[in-house]
Amino acid sequence: MRRNLSITLLSVGHGCVDVYQGAVAALVPFFVAERAYSYAAASGIVLAASILSSVAQPVFGVLTDRRAIPWLLPVSTLLAGLGIALSGVSDSYAVTLAVVAVSGIGVAAYHPESARVARVASAGSHSAMGWFSLGGNLGFALAPLTVAAVVALGGLRLTPLLLLPAVVGAALCLPVLRVLETRLSDTVKSPVTGRDDTASFVRLSLAVVCRSIAFIGLGTFISLYATERMDGSRAAGTTALFLLYLGGAVGSVLGGTLANRWDRVRVSRWSYLLTAGSIAGLVLVPGPALYLFVALTSAGLYVPFSLQVTLGQDYLPSRVGTASGITLGLTVSIGGLVSPVIGTLADRTSLQTALTPLILMPVLAWLLFRTLPEPCLPSPSGTTASKGEEADAEHPPVPPGLR
């Protein structure tokens, strides 16, 4: 199977899984409307899914470092779908909370191993990893439309129909796993040729935290802010939120393409610096220009997304699964934890005032990236070469620990 086909199948499968990350928040209005959940009860469901998933991902990363577990991809995909599919079946809050948490565990189990599989399938290509990330971004963005289409047919009792994307995603990954079976096993059995750079990985994780706070903070309040800025127009809020998600599709692919020309650290650093300016424009510039700045901010925050995952894997070549779990999972939860702080500040002052500190987040990420080196990978001759020196190769070598 050609590399492009493998990445395409994995990308679509990634989208099928990340539909269930977005589906939790998309279901909240229906829980409130049909079951009279309070906002606190509804937010409890969202927090249970996101925090449990984020904390569990590094645990699954540690497990996948010890042995290749490719069967996690189809099993975790089905688990993620099953939890959401059952969320509308019972009126019990406890049951709903439990099945949504199960979905979160499925999402957590999927990402560390899928990141490893995608790196093997991509042969180290940054643009290929960008396409893999694109699938997840599109899945997340399509979740509200998918949930609305299903629930509109007959209410929450039809949520079992939401299992369909999981079935499709599980089926798509099977041919890829069959083709890559030997190579995936070798990623754990082969000796690691590089040394862990824990200090750089910690700084990278802090940069990802800053990105998370900016993105989730904007994602939580951009609709309300756009509605407020555009004289109470709900369409304005919907448009702004759509642009925030849509820009991620552009940014993910653009990041991989740029990293094939320049190194990942440089691309991420400049992206964060430019994003600081676009967030400032989003918050401070009046009028319809808001939409332009939302789109630029989204693209800017997503350009480093897949690059940070591969950087984490290269900084910890002996613990690729752990690195994937942390960059994809644990650091993401921080943004969700900070959102209530932003809301409280908005209640006491204004939404514009509360969003203004988010301008600093990409600035801090930029400062952290200024301290990061581009990982050096062994060249065929046995010497080391920076990733930037190898970027023009048509098929970049697989990073240490993924051979």
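The values are calculated or read from the model by the stated rules, or taken from the named source; none is laboratory data. Not measured: the values here are computed from a predicted model. Quick reminder, even Gly has a Cβ in these numbers, built from the backbone with ideal geometry, and neighbours come from all protein chains shown. To get the accessible areas, we keep the full protein, side chains included, count just its heavy atoms, and leave off ligands, DNA and RNA. Shrake-Rupley method; radii C 1.70, N 1.55, O 1.52, S 1.80 Å.
Scanning the range 232-261 for residues that are open to solvent by 20 Å² or more (accessible area, probe 1.4 Å) and closer than 18 Å to V283 by Cβ turns up T239, L241, L243. The set of residues from the range 143-173 being modelled with pLDDT under 90, assigned to a helix (DSSP H, G or I) and over 24 Å from L246 (Cβ atoms) comprises L153, G154, L156, R157, C173. Scanning the range 207-228 finds one or more residues that are under 30 Å from P373 (Cβ atoms), polar (S, T, N, Q) and at pLDDT 80 or above.
Identify, please: which residue in the range 99-116 is within 15 Å of the chain's Cα centre (by Cα) and hydroxyl-bearing (S, T, Y) and is, among those, surrounded by the most Cβ atoms within 10 Å (Cβ to Cβ)? Only one residue fits best here, namely Y110. Restricting T239, T310 to residues that are polar (S, T, N, Q), in contact (Cβ under 8 Å) with a residue 60 or more places away in the chain and at negative phi narrows the list to T310.
Yes/no matrix, rows are residues, columns are (1) touching a Lys or Arg at 6+ places or on another chain (Cβ under 6 Å); (2) β-branched (V, I, T); (3) modelled with pLDDT under 85; (4) open to solvent by 10 Å² or more (accessible area, probe 1.4 Å):
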residue	(1), (2), (3), (4)
G61	no, no, yes, no
I69	no, yes, yes, yes
L78	no, no, no, yes
L82	no, no, no, yes
A141	no, no, yes, yes
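With respect to I334, determine if the residue is open to solvent by 20 Å² or more (accessible area, probe 1.4 Å), at pLDDT below 90, out of contact with any His (no Cβ under 6 Å at 6 or more places or on another chain) and under 24 Å from D263 (Cα atoms). For I334, the condition - open to solvent by 20 Å² or more (accessible area, probe 1.4 Å), at pLDDT below 90, out of contact with any His (no Cβ under 6 Å at 6 or more places or on another chain) and under 24 Å from D263 (Cα atoms) - is not met.
Is there a residue in the range 274-281 that is modelled with pLDDT of 85 or more, surrounded by 21 or more Cβ atoms within 10 Å (Cβ to Cβ), hydrophobic (A, V, I, L, M, F, W, C) and touching a Ser or Thr at 6+ places or on another chain (Cβ under 7 Å)? Yes: the range 274-281 contains one or more residues that are modelled with pLDDT of 85 or more, surrounded by 21 or more Cβ atoms within 10 Å (Cβ to Cβ), hydrophobic (A, V, I, L, M, F, W, C) and touching a Ser or Thr at 6+ places or on another chain (Cβ under 7 Å). For T371, the requirement of being modelled with pLDDT of 90 or more and over 17 Å from S212 (Cα atoms) is met.
Residues A33, A48, A80, A85: which one is touching a Phe, Trp or Tyr at 6+ places or on another chain (Cβ under 8 Å) and either touching a residue at least 24 places away in the same chain (Cβ under 8 Å) or assigned to a helix (DSSP H, G or I) (or both)? One residue alone meets the criteria, A80.
Residue-wise test of (1) touching a His at 6+ places or on another chain (Cβ under 8 Å); (2) open to solvent by less than 20 Å² (accessible area, probe 1.4 Å); (3) closer than 14 Å to G251 by Cα; (4) in contact (Cβ under 8 Å) with a residue 24 or more places away in the chain.
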{"position": "A121", "(1), (2), (3), (4)": "no, yes, no, yes"}
{"position": "S125", "(1), (2), (3), (4)": "yes, yes, no, yes"}
{"position": "G130", "(1), (2), (3), (4)": "no, yes, yes, yes"}
{"position": "G136", "(1), (2), (3), (4)": "yes, yes, yes, yes"}
{"position": "P144", "(1), (2), (3), (4)": "no, no, no, yes"}
{"position": "A149", "(1), (2), (3), (4)": "no, no, no, no"}
{"position": "G155", "(1), (2), (3), (4)": "no, yes, no, yes"}
{"position": "T159", "(1), (2), (3), (4)": "no, yes, no, yes"}
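Could you look through the range 282-297, keep only residues that are touching a residue at least 60 places away in the same chain (Cβ under 8 Å) and crowded, with 20+ Cβ neighbours inside 10 Å, and pick out the one that is nearest to G130 (Cα to Cα)? Per the stated criteria, the residue is T297.
In this structure, D91 qualifies as more than 18 Å from the chain's Cα centre (by Cα) and surrounded by fewer than 20 Cβ atoms within 10 Å (Cβ to Cβ). For the range 34-47, the set of residues classified as modelled with pLDDT of 75 or more and either surrounded by fewer than 18 Cβ atoms within 10 Å (Cβ to Cβ) or in contact with a Pro (Cβ under 7 Å, 6 or more places away or on another chain) (or both) consists of E34, R35, A36, listed by residue number. Does the range 224-245 contain at least one residue that is assigned to a helix (DSSP H, G or I) and closer than 30 Å to A123 by Cβ? Yes, because at least one residue in the range 224-245 is assigned to a helix (DSSP H, G or I) and closer than 30 Å to A123 by Cβ.
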